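The values are calculated or read from the model by the stated rules, or taken from the named source; none is laboratory data. Remember, predicted model here, so these are calculated numbers, not experimental data. For neighbour counting, all protein chains shown are included, and Cβ atoms are generated from backbone atoms with ideal geometry for every residue, glycine included.
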Amino acid sequence: MRIIDVLRIAVGNLMRNKLRTFLTVSGVVVGISTIVFLVTLGFGLQNLVIRKTTNLEALKVITLNSKNKEESKNLNSTLVQKLQDIPNVDVVTPSYYFSASIDGYEGLAPAIYAIESGHFEVYDLKTKNGKQFTNETAKEIIVNKKLVDDLKEDQNQIIGKSFKFKITGISQDDSTKTMDVELKVVDVLNDESPGKIGYSPFKVFADTNSNYYNIKVKVKNQELLPEVKKIIESMGFSTSVIKNQLGAINLAFAIINGLLGAFGMVALFVAAIGIFNTMTISLLERTHEIGIMKAIGGRDKDCSRIFTAEAATIGLMGGAFGMTCGWGIGRLLEVIINFLASKAGPADQVPGHLFYTPPIFTIGVVVFAFLVSTFAGIWPARRASKLNPLEALRYE
Amino acid sequence: MAKAPVIKINNLSKKFMLGDVEVQALQSVSLEIYSGEFIVFFGVSGCGKSTLMSMIAGLQPPSTGSILIRGEDLAKLNSNELAQHRRTKIGMVFQAFNLIQTMNVIENISLPLAFARISKGRRIKRAENLLEVVGMSKYKNRAPNQLSGGQQQRIAIARSLVANPWIILADEPTGNLDSKSADDVMRLLVSLNRKSKRTVILITHNPDYLQFADRVFYMQDGKVIKVEANAHAVTFNEKGKSATSSASKEDDFVIDDDTKDEVPDKPNTEETKAASDIPEENGNTENTTGESENKEEEVEAKN
């Protein structure tokens, strides 16, 4: 018998018992959609955690710190030049650190970092409106949320306003020396830092006789970091890097996804029993029919193939619908959660994508449903093929 | 005329257990059936005639003895070959019709061809031709349970013919039918034998049907007790019974591809091609049909 005819008969039989087929397929749909829902949630959370906790750019950065005054003297423009010459170094950027006070705000002492414009990613800085400094010497400042609050300002209203800062600690020799500068707020940082912080262009403070606070070295890619770090340390500087926790996060989620998948497997196992049950009952109902088929020239193989095809069709339908359902429920939940989060809190608290469905997983799940169902149909199909045609003909 | 028998049964016995009791269904049956014969196995129920039929169909193996279909021993065939035997050489008609209730008329008729891997288009065409032959064309999309018993049996006969078999085995085909439907079915079977020279084996306990037979095997207690040759087997309308309706019908009764066992002519027509496709699966081309005779019949029908 041709495969197309086996399928015709199998689908015909399934269509004739619509309710039973619907219920059996529903079992598979529940099993598969549970797996899909749970596992794509796992994948989604994994991505979310990585996205929210780890700046992949930050993993390429080595920071040269000054432990004491002696060491800090060595952090200078000559060193910057030297670091630049190390192979595989992408960016070298120094920064100043000052404390300051603000005219009209008694007791408010924000920390001011002077950094080079264009290298915000090295500092893992994200501004609300995506602004940077107008140019390297612009008298501008980007303030963090805490500082905005302490200035009794609104995060949107503050932009464009100028404040008079008195900068202290601008000379390595004279700690009393100060500098007065009026800085215009260009943007607000997206951060959760409890400290009052402002960032200004590096060159605004180029005239000060201050040491660098630190130098950040960004390497061309993450794998090259240990190598470059070793070279810098061999030059006698202490360095620090963000610990790469990606491996640990991925491992943790692999375990979580495995567990979630296992829960879904329980549901699919129940569905497989459902298929087995349906096929067995169908076998009993159709014993006479099988007898007829054999009497008019159907081979044992033809009979078993019809049953296998029915089970496989149930699996394929269940897999496809289950995939769609699981994905749909995930999407729906995602939309609801994001909507509620956007109503309840600030925009950066909205989690974004909670579910992630890798394409290979989509195909894998449907194939898996197909295989499980086919397997559940093997025994009834074998029995159909082994039926004695004469007894089957007498069976009513 | 020294013809090779189409069916040769040697010393055939069949025992089976009914609970703890051993039943001897057939005892040392030996017989030969020739191509084109109309054979009746006659006897009361339980005499073993149905057992004999199912063994000829290869549905159960003999306990001892052998069944040779055109010299081929059924005991030597595996289950696939037995399926092919039933598909290509035997057409079965049952008392209980045994149509598949979940399939419509045309699907039922064409099912044996589906097992033979013949494409849907050709199956349907062939089934439609046979539907016309049995006068059921307008019912082709009906479910079997929407038809009367007589109509169902005619569908079953069409199904038994679809793969163009050598032998039609009919086990009490009129047992469940009223007399009018029984007449229709018998008329079909008789003309099948007379017109297209198919070997028909009828199993019955109705003595009315003995007159159609070329030979009658009388059976009792698992044995053939008497063989009676009938030199003047009647065709249906000679009987006079329901002659009015039968005359035209019989003339229409043209099996588009005749089963001529002895001379496998080259099949030319579309229909004979379809028929010769049937054993394709196993490369068996024995079952080809005689086109010349086919044409003759068509001429006959037109006149």
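Tell me yes or no: at least one residue of the stretch A:304-321 is among the polar types (S, T, N, Q) and out of contact with any helix residue (DSSP H, G or I) (no Cβ under 7 Å at 6 or more places or on another chain). Don't jump to the end; show me each part of the working.
So the first thing to find is which residues in the stretch A:304-321 are among the polar types (S, T, N, Q), and the list is A:304, A:308, A:313.
Then drop every residue that is not out of contact with any helix residue (DSSP H, G or I) (no Cβ under 7 Å at 6 or more places or on another chain), which leaves none.
Checking the stretch A:304-321: not a single residue is among the polar types (S, T, N, Q) and out of contact with any helix residue (DSSP H, G or I) (no Cβ under 7 Å at 6 or more places or on another chain).
Restricting to strands (runs of 3 or more DSSP E) lying wholly in the stretch A:193-282: which have 2 or more residues that are surrounded by 13 or more Cβ atoms within 10 Å (Cβ to Cβ), among the polar types (S, T, N, Q) and modelled with pLDDT of 85 or more? Show your work before the answer.
Values: elements: A:197-201, A:214-219, A:239-241.
The strands (runs of 3 or more DSSP E) meeting that bar number zero.
Do you know which residues across the stretch B:108-129 are within 27 Å of B:Lys180 (Cα to Cα) and within 14 Å of chain A (Cβ to nearest Cβ)?
The initial filter retains those residues of the stretch B:108-129 that are within 27 Å of B:Lys180 (Cα to Cα), namely B:108-110, B:127-129.
Scanning the stretch B:108-129 gives B:Asn108, B:Ile109, B:Ser110, B:Ala127.
Name the residue, out of A:Leu316, A:Leu393, A:Leu371, A:Leu333, that is modelled with pLDDT under 90 and either in a helix (DSSP H, G or I) or surrounded by 14 or more Cβ atoms within 10 Å (Cβ to Cβ) (or both). Can you show your working first?
Values: A:Leu316 fails: modelled with pLDDT under 90; A:Leu371 fails: modelled with pLDDT under 90; A:Leu333 fails: modelled with pLDDT under 90.
Criteria check complete, one pass: A:Leu393.
Checking A:Ile32 against (1) assigned to a helix (DSSP H, G or I); (2) away from chain B (no Cβ under 14 Å); (3) more than 21 Å from A:Ala272 (Cα to Cα), which single condition isn't satisfied?
Checking A:Ile32 against (1) assigned to a helix (DSSP H, G or I); (2) away from chain B (no Cβ under 14 Å); (3) more than 21 Å from A:Ala272 (Cα to Cα), the one that fails is (3).
Does the stretch A:102-119 contain any residue that is among the acidic types (Asp, Glu) and within 37 Å of the chain's Cα centre (by Cα)?
Our first condition is that a residue be among the acidic types (Asp, Glu); within the stretch A:102-119, this holds for A:103, A:106, A:116.
So of that shortlist, the ones also within 37 Å of the chain's Cα centre (by Cα) come out as A:116.
The answer is yes; a qualifying residue exists.
Mind listing whichever residues of the stretch B:93-102 are facing chain A (nearest Cβ under 10 Å) and among the β-branched types (Val, Ile, Thr)?
Of the residues in the stretch B:93-102, the ones facing chain A (nearest Cβ under 10 Å) are B:94, B:96-102.
Scanning the stretch B:93-102 gives B:Ile100, B:Thr102.
For the stretch A:26-77, what are the residues that are more than 30 Å from A:Leu316 (Cβ to Cβ) and in contact with a Ser or Thr (Cβ under 9 Å, 6 or more places away or on another chain)? Talk me through it step by step, then tell me what you get.
Here is the first cut: in the stretch A:26-77, the residues more than 30 Å from A:Leu316 (Cβ to Cβ) are A:48-77.
Passing the criteria: A:Ile62, A:Thr63, A:Leu64, A:Asn65, A:Ser66, A:Lys67, A:Glu71, A:Ser72, A:Lys73, A:Asn74, A:Leu75.
If we scan the stretch A:352-371, do we find a residue that is touching a helix residue (DSSP H, G or I) at 6+ places or on another chain (Cβ under 9 Å) and within 14 Å of chain B (Cβ to nearest Cβ)?
No.
Considering the stretch A:375-392 alone, what residues qualify as being within 10 Å of chain B (Cβ to nearest Cβ) and touching a Leu at 6+ places or on another chain (Cβ under 8 Å)?
Of everything in the stretch A:375-392, those that are within 10 Å of chain B (Cβ to nearest Cβ) and touching a Leu at 6+ places or on another chain (Cβ under 8 Å) turn out to be A:Pro389, A:Leu390.
Take A:Ala267 and decide whether it is touching a residue at least 12 places away in the same chain (Cβ under 8 Å), farther than 15 Å from A:Ala10 by Cα and within 14 Å of chain B (Cβ to nearest Cβ). Lay out the reasoning, then the answer.
On the way: touching a residue at least 12 places away in the same chain (Cβ under 8 Å): yes; farther than 15 Å from A:Ala10 by Cα: yes; within 14 Å of chain B (Cβ to nearest Cβ): no.
The answer is no for A:Ala267.
Just one of the numbered conditions (1) closer than 25 Å to A:Ile9 by Cα; (2) facing another protein chain (nearest Cβ under 10 Å); (3) crowded, with 22+ Cβ neighbours inside 10 Å is not true of B:Val105; which one?
(2)
B:Arg187 - would you say it is away from every other protein chain (no Cβ under 14 Å) and assigned to a loop (DSSP other than H, G, I, E, B)?
Numbers: away from every other protein chain (no Cβ under 14 Å): yes; assigned to a loop (DSSP other than H, G, I, E, B): no.
When the stated conditions are applied, B:Arg187 does not pass them.
Just to check your reading of the model, which residue among A:Ile32, A:Ile50, A:Ile62, A:Ile9 is in the same structural domain as A:Glu310 (by TED's automatic domain parsing), surrounded by 20 or more Cβ atoms within 10 Å (Cβ to Cβ) and within 36 Å of the chain's Cα centre (by Cα)?
Numbers: A:Ile50 fails: surrounded by 20 or more Cβ atoms within 10 Å (Cβ to Cβ); A:Ile62 fails: in the same structural domain as A:Glu310 (by TED's automatic domain parsing); A:Ile9 fails: within 36 Å of the chain's Cα centre (by Cα).
On inspection, the qualifying residue turns out to be A:Ile32.
If I filter the stretch B:62-79 down to residues being surrounded by fewer than 18 Cβ atoms within 10 Å (Cβ to Cβ) and without any contact (Cβ under 8 Å) to a residue 24 or more places away in the chain, which single residue comes out as farthest from the other protein chains (Cβ to nearest Cβ)?
Among those residues, the one meeting the criterion is B:Asp73.
Which condition does B:Ala96 not pass, out of (1) over 21 Å from B:Thr204 (Cβ atoms); (2) over 14 Å from the mean Cα position of the chain (by Cα); (3) at pLDDT 90 or above, if it passes all the others?
(1)
Among the residues of the stretch A:60-80, write down those that are farther than 15 Å from A:Met235 by Cβ and either basic (Lys, Arg) or at pLDDT 80 or above (or both).
A:Lys60, A:Val61, A:Lys69, A:Ser77
Being closer than 21 Å to A:Tyr395 by Cβ and in contact with a helix residue (DSSP H, G or I) (Cβ under 7 Å, 6 or more places away or on another chain) narrows it down to one residue among B:Gln95, B:Gln151, B:Gln60; which is it? Can you show your working first?
Values: B:Gln95 fails: in contact with a helix residue (DSSP H, G or I) (Cβ under 7 Å, 6 or more places away or on another chain); B:Gln151 fails: closer than 21 Å to A:Tyr395 by Cβ.
Answer to the selection: B:Gln60.
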